[in-house]
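> Right, I'll just put the structure down here and ask away after.
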Amino acid sequence: MLQYIFRRILIAIPVLFGVTILNFFIINLAPGNPVDMMVNPSATPEQLAMQKHALGLDQPVWSQYLHWLVQLFHGNLGFSYSTREPVTQILASHIGPTVLLMGVSLIVGYLIAIPLGIVCARKQNSWIDYLVTGFSFFGISVPHFFLGLGVIYVFASKLLLFPTGSMNTLGGDGSLMDTINHLVLPVAVLATGIAGNMVRYVRSSMLDVLGKDYLRTAKAKGLSQFIITNKHALRNSLIPIITVIGIDIPMLIGGAIVTEQVFQWPGLGLLTIQSITSRDYSTLMAINLLAAVTVLVANLLTDILYAVADPRIRYD
Amino acid sequence: MAMNLNPNKNVPETEGLKSSEQILLQLGEEESYLHMVMRRFLKHKLAVAGLIVFGLIILIAALAPVISPHDPNKIFGEFEAAPSATHILGTDPVGRDVMSRLIYGAQVSIAVGIGAVAIYVALGIVLGLVAGYFGKWVDMLIMRLTDIFMSFPYFMVILVLVSIIGPSLFNITFVIGLLGWPAIARLVRGSVLSIKEMDYVKAGVALGYSTPKILFQHILPNALAPILVNATFGVASAIIMEASLSFLGMGVRPPAASWGNMLTQAESITVLSSQPWLWIPPGLMILLAVLSINFIGDGLRDAIESQNAK
C-alpha cells in the first residue's frame, strides 16, 4: 500500500510539471501586456521599457518560466501585476471564503443526496423515486447563475429573508450568525447541483448492491432492514460514491466562479474574474496552479480511499 | 443523432470476396443492434420528450429570421417596456425586442453546443485510437497529456483562455473544443484496448490492411456507443458553459444576443426585482435546452447499457 502511494506520487510529479508549463505558457503567450494596463497612459516608451524590465517581461518566455519555477520552489508566487501585493497574500485572503462556501455546499449536498439516493433505491419506481430523479435532473441541468438570480429574486428581493450577496453585512459585527445568513442562498444553489449529481450515483450503486446474493442472505438470517440497508448495502456501494466525491473535491477551489460572481462572494472565483479584468497574470497563474494541485491531490486521495473502503482492492 | 451509428458509411467499396462477406455479416449484426437500441430509446418517455423539445429548439434556431417578430438588434423608442402586443416579452434596457433576441439566442446555444463537441470528439477519437492501438511510449505520452489537461479546473481555464484570446462565439467554441477531448480520449483508448485483441481486428492485420483503415473502419465503429452518450451530455455542458461565459461577459457579447448575456442585465437589482420578463425567459430556455439534452443522453445510455448487459 505504502509502495503504491509512493509510486502514485512519483507519477504525479511529471504531470505537475506539465501543468506548470501549460499554465505558464497559456497565460504568457497572451497578446495583451500587463504593463500597458497598469502604467498611466502618458508614460514614455522608456518608462514602459523600464517597467517591463523590472517585471522581467523583456526576457524570452522560457527564461521567464524558469525564473517563475525557481521562485515557486521558494514558496514565492510573485507579486500581483495590478496591486503589487505578494500573490501568496492575495490568495490567502481569498481562499478562506471559497473553501467555506464550497465546503458547506458539498456537505449539505451529500447530506441531502445520500439518504435520498438510498430511499430511491429501496423504493424503486415509487413516486418518491420519480420525484427525486426529477429533482436530480433539475439540479444537474440548471445553470448556477439562473438559479442564483432566481433565489435572490424570491428570497432576498421579494421575501426579504436573506441578504442579496457578499459575505458579511457592510459595517456589521461580522458575527457567525451574520455569515451563516449570507451563506444560505449561495449554498442552496451550489448544493442543488452537487446533490443532483450525487443522488444518481448513490441510487444506481445501491440498486446494484441490493440485488446481490449476500443481501438476500442477510435478510434470510433475520437482520433488520435498517441494518441491511445502512450497514451491509451502503458500505458495499461506497466505491462509486467515493469516485464522485473525488471528482467534486477540486470544486473547493475552482467550483464557484459563477456563483461567487452572482452573490459577490469574496472568494477565489471573484478574484479570478477581477484578475482577468485587470490582466493580473501572476495572480491568475497562481490560482490555476492551486486548482490543478488540488485536482492531483484529490485523485491521489480517491485512490487511497478505495483501498480503505473496499479491502478487496489491492495494489501491488 | 443515433443515425451516426449507421455502419453503412464504413463499408469499403472495393473489397475482396472474403472480406465483403465478413462485412455483410457484421453489417447484419450491427443493424439489428442499432434497431434494438432505437427501440429501447423510444420506450424511454422522457428521452423521447427531450428529443422533441431539442428538435423544436433546433427548428427555432434554424427558422429564426422567419419566425422572429422583429430584428433582434433594432432599437425601439421604449426602453424596458413591459410585455405588450407588439413586444410579447417587452423590451430590454437598450430598447430591443426581448422575444426576437430570445429566438436568435437559440442559434448561439446550438452552434456552441454542437460545434464545440464536434471538435473535441474528433480530437479525442484520434488521440484515443492512437494511444490505445500503438501502446508503449505513444500511449504513455498521450495519457500523461490527458492527465495534465484533466488536472486543470475546466471552467476556470476556459474562462482564462477566452479572456486572453478575446471573447467571441468562434473563440469560445474553439476553446471548449480544444480542452474537452481528454474524457473522450480515455473512453476510446479503453475501447480500443478491449477490441484490438478481437479476431476480426487480427484478421484485418493479417489481410494487410493499412493501420488508419483498421483504426477508423474496424475498431472505431465498435467503440461508438459510449462516445455518443458522452458527446450528448457534452452538448448540454457546452451550452451551460457558453451561457455562463456570456453571463460573465466573457462569451458572446452584445449586441449579439445569447441567452447567457441576456441574463447579465439581471445583475442589477432593479431589473432583477421589477422586470422579470428580461431574465426569466432566457434562463428558462437554457434550462429547457440543457434538460432536454440530458434526458436524451440518459435514454441513450439506458438503451445502450441494458443492451450490452444482455
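Each reported figure results from applying straightforward, stated rules to the coordinates on display, with no laboratory input. For clarity, every value in this text was computed on a predicted model and none was experimentally measured. Here the Cβ positions follow ideal geometry from the backbone for every residue, glycine too, while neighbour counts run over all protein chains shown.
> With 18 Å as the cut-off, how large is the P(r) tail for the stretch A:158-253, expressed as percent of Cα-Cα pairs?
Taking all Cα-Cα pairs of the stretch A:158-253, the fraction more than 18 Å apart is 63 percent.
> Suppose we look only past 31 Å in the calculated P(r) of the protein assembly as shown. What percent of the Cα-Cα pairs does that tail hold?
58 percent
> State the extension gain, in nm to one decimal, for the chain segment bounded by residue A:17 and residue A:264, taking 0.36 nm per residue of separation less the distance between their alpha-carbons.
Net length gain for the segment: 85.6 nm.
> Need one number: nm distance between label points at residue A:310 and residue A:123, each 7 Å from Cα along Cα→Cβ, rounded to one decimal.
That separation, rounded to one decimal, is 2.9 nm.
> Another question about this same structure. Using unit Cβ charges (K, R positive; D, E negative) and no other charged atoms, how large, in debye to the nearest 20, is the dipole of the protein assembly as shown about its Cα centre?
Dipole size: approximately 1760 debye.
> Could you tell me what fraction of 2.2 N^0.38 Å the Cα radius of gyration of the stretch B:255-310 comes to, as a two-decimal ratio?
Against the empirical 2.2 N^0.38 Å value, I get 1.75 for the stretch B:255-310.
> Using Cβ counts within 10 Å as a stand-in for footprinting exposure, how do A:260, B:78, B:197 rank, fewest first?
Ascending Cβ contact count within 10 Å gives the list B:197, B:78, A:260.
> Another question, if that's okay. Label points 7 Å out from Cα along the Cβ direction at residue A:231 and residue A:50: separation in nm?
It is 7.7 nm.
> With no solvent and one point on each alpha carbon, what is the Debye value of log10 I(q)/I(0) for the stretch A:232-316 at q = 0.18, 0.19, 0.20 Å⁻¹?
Treating every Cα as an identical point scatterer, log10 I(q)/I(0) equals -0.79, -0.83, -0.88.
> What is the spin-label model distance, in nm, from residue B:200 to residue A:217 if the labels are put 7 Å beyond Cα along the C-beta direction?
4.0 nm
> Further, regarding this structure: For helix A:61-73, report the angle its Cα long axis makes with the longest principal axis of the Cα atoms of chain A; keep it between 0 and 90° and round to the nearest 10°.
Helix A:61-73 sits at roughly 60 degrees to that axis.
> Right, another one. Under 4 °C and 1.567 mPa s, how fast does chain A diffuse according to Stokes-Einstein, given a Kirkwood radius computed over C-alpha pairs? Answer in µm²/s, whole number.
57 µm²/s
> Any chance you could tell me what percent of the C-alpha pair distances in the stretch B:34-305 go past 28 Å?
46 percent
> As an exercise, find the ratio Rg/Rh for the stretch A:96-269 from alpha-carbon atoms, using the Kirkwood inverse-distance average for Rh.
1.07
> Run the count for the stretch B:34-305, please: Lys pairs, Cα-Cα under 21 angstrom, 8 or more apart or on different chains.
Taking the Cα cut-off of 21 Å, the pair count is 5.
> Using only DSSP helix segments of four residues or longer, with each worth -39500 (n - 2.57), what per-residue ellipticity at 222 nm results for chain A after dividing by its residue count and rounding to 500?
Calculated mean residue ellipticity at 222 nm is -23000 deg cm²/dmol.
> In chain B, with Lys and Arg counted as +1 and Asp and Glu as -1 at Cβ, which of these residues, B:262, B:204, B:273, has the Cα nearest the positive end of the dipole, that is, farthest along it?
With unit charges placed on the Cβ atoms, the residue in question is B:204.
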